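Asker: Structure below; questions to follow.
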Amino acid sequence: MEPPSPTSTLALDGTTTVPRLGFGAMQLPGRWNGPAADRAVSVAVARRAVELGALHIDTAAFYFSGGNRANEILREALHPYPAGVTIATKVGPLRDANGLMAGEAEPGQLRGLVEENLRELGVDVLDLVYLRVGRLGTDRADSLAERFAVLADLREEGLVRHLGVSNVTRAQLDEARTVAPVAAVQNQFGVLDQRDGDLVDFCATVDIAYMPFFALGGGHSPLDGDALAKVAERHGATPFQIAVAWGPARSPSIVQIPGTASLAHLEENMAAASIVLDADDLSLLAAGGRSAGA
Ligand SMILES: NC(=O)c1ccc[n+]([C@@H]2O[C@H](COP(=O)([O-])OP(=O)(O)OC[C@H]3O[C@@H](n4cnc5c(N)ncnc54)[C@H](OP(=O)(O)O)[C@@H]3O)[C@@H](O)[C@H]2O)c1
């Protein structure tokens, strides 16, 4: 069977259709700890993303840099949002006015955070809201049931269409599913970091979308390596394009949300939609992009 291509779609909770190649808005305001991006360019990037078919956009109210806020940039660029555009946001992490991480929201703070996203995006209902838990790279064992139940109530009230969980273990996903339907998981996963592969596979078996973050290395790891270079050469593509195309080919559960604040990088990443990786490519990349022999 041919692997799913980046142009295919999947349906959240069997209802809301999203393309397998979307867009991550975290870079739009600028770097996490500054400097802020050129807002006019970021507005243009958001508009172009939708023109190019990235109809699923991932954002958060805690994505800001200087005076730029990701949600407000999306609103300026796209409101009223064209039919078919799905905007996913997330709540949980707290950042102070200086941008420093300030712990995790208590259950009683979550409604206010959801309302902040509604306000900033200028919508009455949020398409998809993740409960984002824990810190990157730490042991993520905390119970999330009480917090997820708050989001489930907001969904019942009609403020949210679909719920997701982010940065979770399998146990935390299982726990969330006892509280309410989980439409999507957003964890760290990409061709260079495939440690979450079991959870990706599990999501495919239960029709949960898996939206990886840092699929392009997050700007922290260089996208290089023998296998990536070899597959890129085969397709006349760049390593970034192969990293984009690899996710949907790796699993039917994966929806890519590559992030950029650059129009040129956006065009490059979206052009990966036409790349269909074959079994040889997938086996070269199976152990990560860095080892051609594995
Ligand atoms: N749930 C979570 O905990 C969590 C954590 C992090 C991110 N996220 C979400 O996941 C999305 C993706 O993550 P991310 O943006 O941090 O990482 P990413 O998509 O892995 O990579 C983005 C980085 O790669 C660069 N880049 C993108 N395309 C490129 C290209 N074609 N050539 C060269 N460089 C390129 C970007 O710089 P330029 O801007 O210069 O292109 C940026 O530094 C975010 O937008 C956010 O929505 C979620």
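Asker: In the stretch 263-284, which residues are closer than 30 Å to Ala40 by Cβ, in contact with a helix residue (DSSP H, G or I) (Cβ under 7 Å, 6 or more places away or on another chain) and either open to solvent by less than 20 Å² (accessible area, probe 1.4 Å) or of a type outside the set (A, V, I, L, M) (or both)?
Answerer: Within the stretch 263-284, Leu266, Glu268, Asn269, Ala272 meet the criteria.
Asker: Looking only at residues in the stretch 207-222 that are within 18 Å of Tyr130 (Cα to Cα) and open to solvent by 40 Å² or more (accessible area, probe 1.4 Å), which one is farthest from the ligand (Cβ to nearest atom)?
Answerer: Asp207
Asker: Quick one: Glu115 ticks every box in (1) away from the ligand (no atom under 14 Å from the Cβ); (2) touching a helix residue (DSSP H, G or I) at 6+ places or on another chain (Cβ under 8 Å) bar one, so which box is it?
Answerer: Result: Glu115 passes all but (2).
Asker: Which numbered condition in (1) within 14 Å of the ligand (Cβ to nearest atom); (2) part of a loop (DSSP other than H, G, I, E, B) is the only one that Pro252 fails?
Answerer: In the conditions (1) within 14 Å of the ligand (Cβ to nearest atom); (2) part of a loop (DSSP other than H, G, I, E, B), Pro252 misses (1) alone.
Asker: Across the stretch 196-224, what is the total count of residues that are modelled with pLDDT of 95 or more and not in a strand (DSSP E or B)?
Answerer: Qualifying residue count, the stretch 196-224: 18.
Asker: Within the stretch 20-45, which residues are outside any helix (DSSP H, G or I) and open to solvent by 20 Å² or more (accessible area, probe 1.4 Å)?
Answerer: Across the stretch 20-45, the qualifying residues are Met26, Gln27, Arg31, Trp32, Asn33, Gly34, Pro35, Ala36, Ala37, Asp38.
Asker: Can you say whether Ala60 is farther than 18 Å from Gly99 by Cα and of a type in the set (A, V, I, L, M), as far as the supplied structure shows?
Answerer: Against the criterion (farther than 18 Å from Gly99 by Cα and of a type in the set (A, V, I, L, M)), Ala60 does not qualify.
Asker: May I ask you to verify whether Arg39 is away from the ligand (no atom under 13 Å from the Cβ) and more than 24 Å from Arg161 (Cβ to Cβ)?
Answerer: Yes: the conditions hold for Arg39.
Asker: Out of the stretch 143-194, which residues are open to solvent by 50 Å² or more (accessible area, probe 1.4 Å), away from the ligand (no atom under 15 Å from the Cβ) and outside any helix (DSSP H, G or I)?
Answerer: Selection gives Ser143, Glu157, Arg161, Pro181.
The values are calculated or read from the model by the stated rules, or taken from the named source; none is laboratory data. Note that the structure is predicted; figures quoted are calculated from it, not measured. Here the Cβ is made from the backbone with ideal geometry for all residues, glycine too, and neighbour counts use every protein chain on show. The accessibility values were calculated without ligands, DNA or RNA, using every heavy atom of the protein model including side chains. Shrake-Rupley method; radii C 1.70, N 1.55, O 1.52, S 1.80 Å.
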